[in-house]
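The values are calculated or read from the model by the stated rules, or taken from the named source; none is laboratory data. Every value quoted in this text rests on a predicted model; they were computed, and no experiment measured them. Don't worry about glycine lacking a Cβ; one is built from the backbone with ideal geometry, like all the others, and counts go over all protein chains shown.
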Amino acid sequence: MKKHTINLWLSVVVLVIVSFTSCVKDVNKGTIVDGLQPTVSILEGGLVNFSQLALSYPSTDPSDTFYFHANYAATNVAPKDITVTLAYDAAALASYNATSSVKYTKCPDSIYSFKATTVTIKAGQSYSSLIPMVFFPSKIDPTQNYMLPISITDAQGNNISGNFGTIYFHFIGNPIAGAYNEEWIRFNNAAGSGSPSYDRFYSNVFSANNPTEVSVQSGGNGLVFIIDFTNNGGVLSNFTATIDPASYGNAGLGSLISGPTIVADPINKIYTINFSYTNTSGAGRNVTEIFKK
């Protein structure tokens, strides 16, 4: 996540540099206006970055930290030290819920720590130092939708961005998300006959992509499975499993022969995936993945 945060920040920095080379971008109207008052924003914020702020940490982690920045957008760098004040924004949460089919509740105080309520953009700089937001994954209920919008509340007289003044930290709840025990069984033939060549056990996590989809990376071969289902008032059905093609190289998967199929038992929280394939050397393989809560 830290690497992801830095990559997101760098991409926004490039955009900011391009946008403000000769004038200031009015982020509220989307137009370029010469002489506009300097604007302070959160580089990683805004609804445009919402999907990238769906946090998914291993539930066994005692704590994880997400870093973000405050940005001074103008034709020049900050002429003096600028203190930026940040706080939880209940109005931003209510506004999001009013227009979204997925509803969120505020993150319980027990699952996060945010102590850097002020940060300084130093004179001669255009962005602040790293701002830490600490989460406690082991205390998070993965079945609940949580959000923690953090907004700039004061920028010492400078404009506060209308589009990038808030960063939307959130956790997507999903009824099958959370920690699982994984059994990985592989046969060195496509039929799955005889004794397995491997039968190994791992700890794993179903990470929510949305309320009816999770992804999980096999501990045995690195393939990423995407599990979709229907939730009809708490009754789960129509389970399907696919393999993310981008992860084929992790297992040396050349092409699928059959599957993946999934047998789902949401009552007992057991999910069994089976598939067969040829590897990049042309040899057949048959794999069964059993995930149990």
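Set side by side, the residues Gly194, Gly157 differ, and just one is without any contact (Cβ under 8 Å) to a residue 24 or more places away in the chain, farther than 25 Å from Phe239 by Cα and assigned by TED's automatic domain parsing to the domain that holds Ala74, which is Gly157. Checked against (1) within 18 Å of Asn158 (Cα to Cα); (2) under 23 Å from the mean Cα position of the chain (by Cα), Asn76 meets all criteria but (2).
No other residue among Val224, Val235 is of a type in the set (Val, Ile, Thr) and surrounded by 12 or more Cβ atoms within 10 Å (Cβ to Cβ) apart from Val224. Taken over the stretch 244-293, residues that are outside any strand (DSSP E or B) and of a type in the set (Asp, Glu) amount to 1. For the stretch 207-214, the criterion of being among the acidic types (Asp, Glu) and surrounded by fewer than 15 Cβ atoms within 10 Å (Cβ to Cβ) is met by no residue. Determine whether Thr240 is farther than 18 Å from Ser59 by Cα, β-branched (Val, Ile, Thr) and over 20 Å from the mean Cα position of the chain (by Cα). Considered against the rule, which asks whether it is farther than 18 Å from Ser59 by Cα, β-branched (Val, Ile, Thr) and over 20 Å from the mean Cα position of the chain (by Cα), Thr240 comes out as yes.
Considering Ile152, Ile176, Ile160, Ile172, which residue is under 18 Å from the mean Cα position of the chain (by Cα) and more than 20 Å from Ser110 (Cα to Cα)? Unique residue meeting the criteria: Ile176.
Would the stretch 166-187 turn up any residue that is at negative phi, crowded, with 18+ Cβ neighbours inside 10 Å, touching a strand residue (DSSP E or B) at 6+ places or on another chain (Cβ under 8 Å) and of a type in the set (Gly, Ala, Ser)? Yes: the stretch 166-187 contains one or more residues that are at negative phi, crowded, with 18+ Cβ neighbours inside 10 Å, touching a strand residue (DSSP E or B) at 6+ places or on another chain (Cβ under 8 Å) and of a type in the set (Gly, Ala, Ser).
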